[in-house]
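First comes the structure, then the notes that go with it.
The values are calculated or read from the model by the stated rules, or taken from the named source; none is laboratory data. The model shown is predicted, which means the values in this text are computed figures rather than measured ones. Reconstructed Cβ throughout: ideal geometry from the backbone, glycine too, with neighbour counts over all protein chains shown. The protein model used for the area step is the full one, side chains on, heavy atoms only, and it has no ligands, DNA or RNA in it. Shrake-Rupley method; radii C 1.70, N 1.55, O 1.52, S 1.80 Å.
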Amino acid sequence: MNLDDLAEKAEEYRARDAGITHEVRVCVAAACQSGGSLPVLEALKAECDSGGTCKVKGVGCMGLCSAGPMVAIAPKGGAIPDSILYREVKPEDAADVLASVGGAPVERLHTPTDQPFFARQQRIVRENSGLIDPESFTGYVAAGGYAGLIKALSEMTPGDVLREMTTSGLRGRGGGGYPTGLKWSTVAKMPADQKYVICNGDEGDPGAFMDRAVLESDPHRVLEGMCIAAYAIGATKGYVYVRAEYPLAVQRMELAIRKAKRSGFLGSKIAETQFSFEVEIRLGAGAFVCGEETALMASIEGLRGQPRPRPPYPAEAGLWGYPTLINNVETFANIAPIITHGGEWFAGIGTAKSKGTKVFALAGSIKNIGLIEVPMGMSLREIIEEIGGGCPGGKAFKAVQTGGPSGGCIPAAHLDIAVDYDSLKTLGTMMGSGGMIVMDETCDMVDVARYFMEFCMSESCGKCIPCRTGTWQMHELLDRITKSKGTHKDLALLEELCDVVQATSLCGLGQSAPNPVLSTLRYFREEYEAKLTAE
Amino acid sequence: MSLLQTRPALPSDDKRWKLVNAAMRRNGYAGHALIETLHSVQESFGYLDEPAMRFVAGSLDLPLSKVYGVATFYHLFMLKPKGRHACVVCTGTACYIKGAGSLVDAVEARFGVKPGETTEDDRLSVLAARCVGACSLAPAVVVDGDLAGKQTADRLVAKLEELA
Ligand SMILES: Cc1cc2nc3c(=O)[nH]c(=O)nc-3n(C[C@H](O)[C@H](O)[C@H](O)COP(=O)(O)O)c2cc1C
């Protein structure tokens, strides 16, 4: 199969909707579903004249989760900014919504799409989210899906793919920011008769839901990325590791795997070539540390999810000892467009050292809670005040936590920083996977540090002593300080422990567990001191 | 020689064991399918007890210690039966910022149980989740499998009181 054949297929699928001029899209991703979007979808379907020019369909996440259930009326194939968007839609609204197709919007439900939340985004990873039906294979192909894979298989050698990835400058979206092209090239170079590709969908950072939305909204995009990776590095088997807390993501991914296989885009002899690639899903079972790559591989092997020292890196000795490529969900979702449009195109977006876009989950004390995708290098102020709408209820912004329990907070004084991997490091935090938790003036920063330490303490796998007992000790000290029972000596001990645990822990969990303490101490030390008692 | 190994008989004629067995068969009784298997036991029975772990260990030809080690490592696996109803309070960061702590406190004050505990009359189990990924609905709880967002202490307690 070549690109022309695929284009023909896409045209054929689009032709099935030839009479349709408008789509009524209902978000059926997790957040809107729990807000009641399925009954809304049913009501709209029942109300819609099936022989007409309008089609009702379930789609993935449109981003503004706090306004769910969301419904959009769009010209066929139109993007979100070109549509009429409705918020908090109920089944009773179905008739009014349908009556507004091609006419004036229903004022009481209307949410403008020219507001910064929608207008300032640049969607690559999420370009299909909220547009296509995540459960439809034909919908994905009709929207241009699998063109990256077919281009790679029919026009490029594995070496070409690797070069394109290196040119793109893409860095891993799982937190570390390791150059993806370099990682792929390392695995590709390994001589081995068996190699694996793993997609890390563990998303353990509490307060992050980007990967969940990608898996629920556009699962074929992730599969396509994995497939291209497998072709480039010479792997024949892949695993998608998804946390069990995301049943809808698991269900949609299972369906996508089945449909891709049936259509010949997965399995043996993909798209009539000699290339074969099988993918299976593996479920997590509620352990944050399993997001760490070596622990994740142990978990796939059916073991306790405990990390091991690196080197050897997974690229040399990974799953069952074979060379393994492990990338994050969002990393894989970036691959197909890079292959389709070229690495140069991707490298033209973002900052000098951080290319492309990043999906962020905005949550906490912020008006527009949901998911956004913006070019790397956008200022934090623009993200929080303009796109996010600032803190609700007129409260003053205090800090934003990035990088979850491994990251740190950024106070108001640094809001003008341009967000990329390197700038966030200079502020003592990190990009992490993309969770941004906004805190307002009512937030007690020492308690925030205690909260994250409690998290790390209970998620420590127990293998190495600095992390196992260090996080416990630090939590004790923080608990004492938050209860105004801590002394200056306790604070000094806490700082010393931060150093020790950071320097001596086995894996990233322990090494980064002190970060929230160090960063709140750096910017809000007076809050700690105000709680200390004289000895 | 796993082909020659005799697999243990199903622990009882409870039909749910057949589901568990089917899950193991699907994975060729491979030891690395242990976590999948434990998921299927928990889905079928609600928790993992000793006979279940012995059965899984025997079927997958793994030492019982390994099965127990894995079962206790992962937070999602429960070794005790849940009450008739389960309330999972999300304690992820977004929910924490929006007051998940006060939900936990209110439930404890009213029903006398902390996360991880079940009321004496077996009516209600309270659990804490690390993040259910519903940050836009914070603070969120999952009551008997249904997610409910934007909770207040009063609303949650009232909801739980209605459960039979
Ligand atoms: C404690 C810990 C938790 C992690 N959790 C995740 C996670 O949930 N998702 C993820 O993609 N990467 C996570 N990582 C990073 C992975 O180890 C790994 O670097 C990443 O999956 C590589 O993919 P990338 O290069 O595409 O970022 C975690 C790392 C540590 C130390």
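Filtering region A:240-249 to residues that are within 15 Å of the ligand (Cβ to nearest atom) and within 11 Å of chain B (Cβ to nearest Cβ) leaves A:Tyr241, A:Arg243, A:Ala244, A:Glu245, A:Tyr246, A:Ala249. For region A:260-271, taking the residues that are assigned to a helix (DSSP H, G or I) and either within 14 Å of another protein chain (Cβ to nearest Cβ) or open to solvent by 50 Å² or more (accessible area, probe 1.4 Å) (or both), the one that is nearest to the ligand (Cβ to nearest atom) is identified as A:Lys261. Listed by position, the strands (runs of 3 or more DSSP E) inside region B:90-164 whose residues that are within 9 Å of chain A (Cβ to nearest Cβ) number at least 2 are B:146-148. Filtering region B:71-89 to residues that are at the interface with chain A (Cβ under 8 Å from one of its Cβ atoms) and free of Cβ contacts under 8 Å to residues at least 12 places away in the same chain leaves only B:Phe73.
Counted as qualifying within region A:376-457 are the strands (runs of 3 or more DSSP E) with 3 or more residues that are within 14 Å of chain B (Cβ to nearest Cβ), namely A:397-402, A:435-440. For region A:431-440, indicate whether the set of residues that are open to solvent by less than 10 Å² (accessible area, probe 1.4 Å), under 19 Å from A:Leu521 (Cα atoms) and out of contact with any strand residue (DSSP E or B) (no Cβ under 7 Å at 6 or more places or on another chain) is non-empty. Within region A:431-440, not a single residue is open to solvent by less than 10 Å² (accessible area, probe 1.4 Å), under 19 Å from A:Leu521 (Cα atoms) and out of contact with any strand residue (DSSP E or B) (no Cβ under 7 Å at 6 or more places or on another chain). Within region A:199-208, the only residue that satisfies the criterion of being of a type in the set (Gly, Ala, Ser) and assigned to a strand (DSSP E or B) is A:Gly201.
Considering region B:42-70, the residues that are within 12 Å of chain A (Cβ to nearest Cβ) and under 11 Å from the mean Cα position of the chain (by Cα) include one that is farthest from A:Leu303 (Cα to Cα), namely B:Glu43. The lone criterion from (1) within 16 Å of A:Gly286 (Cα to Cα); (2) open to solvent by 60 Å² or more (accessible area, probe 1.4 Å) left unmet by B:Phe77 is number (2). Just need a number here: residues in region A:482-519 that are farther than 11 Å from A:Pro466 by Cα and either away from the ligand (no atom under 16 Å from the Cβ) or assigned by TED's automatic domain parsing to the domain that holds A:Ile410 (or both). Residues that pass the stated criteria total 18.
The residue pairs whose first member lies in region A:149-167 and is in contact (Cβ under 8 Å) with a residue 60 or more places away in the chain, whose second member is surrounded by fewer than 17 Cβ atoms within 10 Å (Cβ to Cβ) and not in a helix (DSSP H, G or I), and whose beta carbons are closer than 6 Å, counting only pairs six or more residues apart or on different chains, are A:Leu153/A:Thr273; A:Ser154/A:Asn2. Residue count for region A:8-32, restricted to those that are part of a helix (DSSP H, G or I) and either free of Cβ contacts under 8 Å to residues at least 40 places away in the same chain or surrounded by 20 or more Cβ atoms within 10 Å (Cβ to Cβ) (or both): 7.
Restricting B:Ala140, B:Ala148 to those that are open to solvent by less than 10 Å² (accessible area, probe 1.4 Å), touching a strand residue (DSSP E or B) at 6+ places or on another chain (Cβ under 6 Å), among the small types (Gly, Ala, Ser) and under 17 Å from A:Ile369 (Cα atoms) reduces the list to B:Ala140. Exactly one residue out of A:Pro219, A:Pro247 is open to solvent by 10 Å² or more (accessible area, probe 1.4 Å) and under 18 Å from A:Ile281 (Cα atoms), and it is A:Pro247. Within region A:283-340, the set of residues being over 21 Å from A:Ala235 (Cα atoms), more than 11 Å from the ligand (Cβ to nearest atom), more than 11 Å from every other protein chain (Cβ to nearest Cβ) and among the charged types (D, E, K, R) comprises A:Arg308 only. Within region A:348-371, can one find any residue that is open to solvent by 20 Å² or more (accessible area, probe 1.4 Å), aromatic (Phe, Trp, Tyr) and either modelled with pLDDT of 95 or more or farther than 25 Å from A:Gly145 by Cβ (or both)? No, every residue in region A:348-371 fails to be open to solvent by 20 Å² or more (accessible area, probe 1.4 Å), aromatic (Phe, Trp, Tyr) and either modelled with pLDDT of 95 or more or farther than 25 Å from A:Gly145 by Cβ (or both).
This table checks each residue for (1) surrounded by fewer than 19 Cβ atoms within 10 Å (Cβ to Cβ); (2) more than 14 Å from every other protein chain (Cβ to nearest Cβ); (3) touching a His at 6+ places or on another chain (Cβ under 6 Å).
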{"residue": "A:Val40", "(1), (2), (3)": "no, yes, no"}
{"residue": "A:Gly51", "(1), (2), (3)": "yes, yes, no"}
{"residue": "A:Cys61", "(1), (2), (3)": "no, no, no"}
{"residue": "A:Pro69", "(1), (2), (3)": "no, no, no"}
{"residue": "A:Ala72", "(1), (2), (3)": "no, yes, no"}
{"residue": "A:Ser83", "(1), (2), (3)": "no, yes, no"}
{"residue": "A:Tyr86", "(1), (2), (3)": "no, yes, no"}
{"residue": "A:Lys90", "(1), (2), (3)": "yes, yes, no"}
{"residue": "A:Pro105", "(1), (2), (3)": "yes, yes, no"}
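Among helices (runs of 4 or more DSSP H) entirely within region A:134-198, having at least 1 residues that are within 15 Å of the ligand (Cβ to nearest atom) and either surrounded by fewer than 21 Cβ atoms within 10 Å (Cβ to Cβ) or polar (S, T, N, Q) (or both) singles out A:158-168, A:180-189.
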